[in-house]
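The values are calculated or read from the model by the stated rules, or taken from the named source; none is laboratory data. In this text, all values refer to a predicted model and were calculated from it rather than measured experimentally. Cβ: placed from backbone, ideal geometry, glycine included. Neighbour counts: every protein chain shown.
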């Protein structure tokens, strides 16, 4: 006789949803980090590297897990609570939050890669930030509009991670030029 376990009674989606509600940081962190890693690998293939840069892959996955996911979980939750229309949410997201957030991601990346002295990091980031932000706005404004308009708040980080897979490719190409 087989025992009735939680996993036998529920569909994969129901189990996933329960885990997402119970452990939002862990589940989102793991899935976003994996998607980020796959995006970085794909970008390296497109750029034509002879050998994978495993340090870059690990650094970006780590940044995603310890910085990007927790910040976005908090930010998206607070943004969803605002009693304003999605256009204003999009403006706050892309023109207030995103430049500072991107600056921090780029800075953390350079720091963890150890490519620059800590005092040089802001200067190096400011050199690439305008082109990164232009590319980000061209990509993320439509992606975030879709997410804010059609995706329930609890699943927005997952959907944005899917969009992030493509963004990681764009991001790597922008940074390599």
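The one condition from (1) part of a helix (DSSP H, G or I); (2) exposed (fewer than 15 other Cβ atoms within 10 Å of the Cβ) that residue 115 does not meet is (1).
Scanning region 118-135 for residues that are out of contact with any helix residue (DSSP H, G or I) (no Cβ under 7 Å at 6 or more places or on another chain) and assigned to a loop (DSSP other than H, G, I, E, B) turns up 119, 120. Reported count of residues in region 71-98, each being closer than 12 Å to residue 157 by Cα and at pLDDT 95 or above, is 1.
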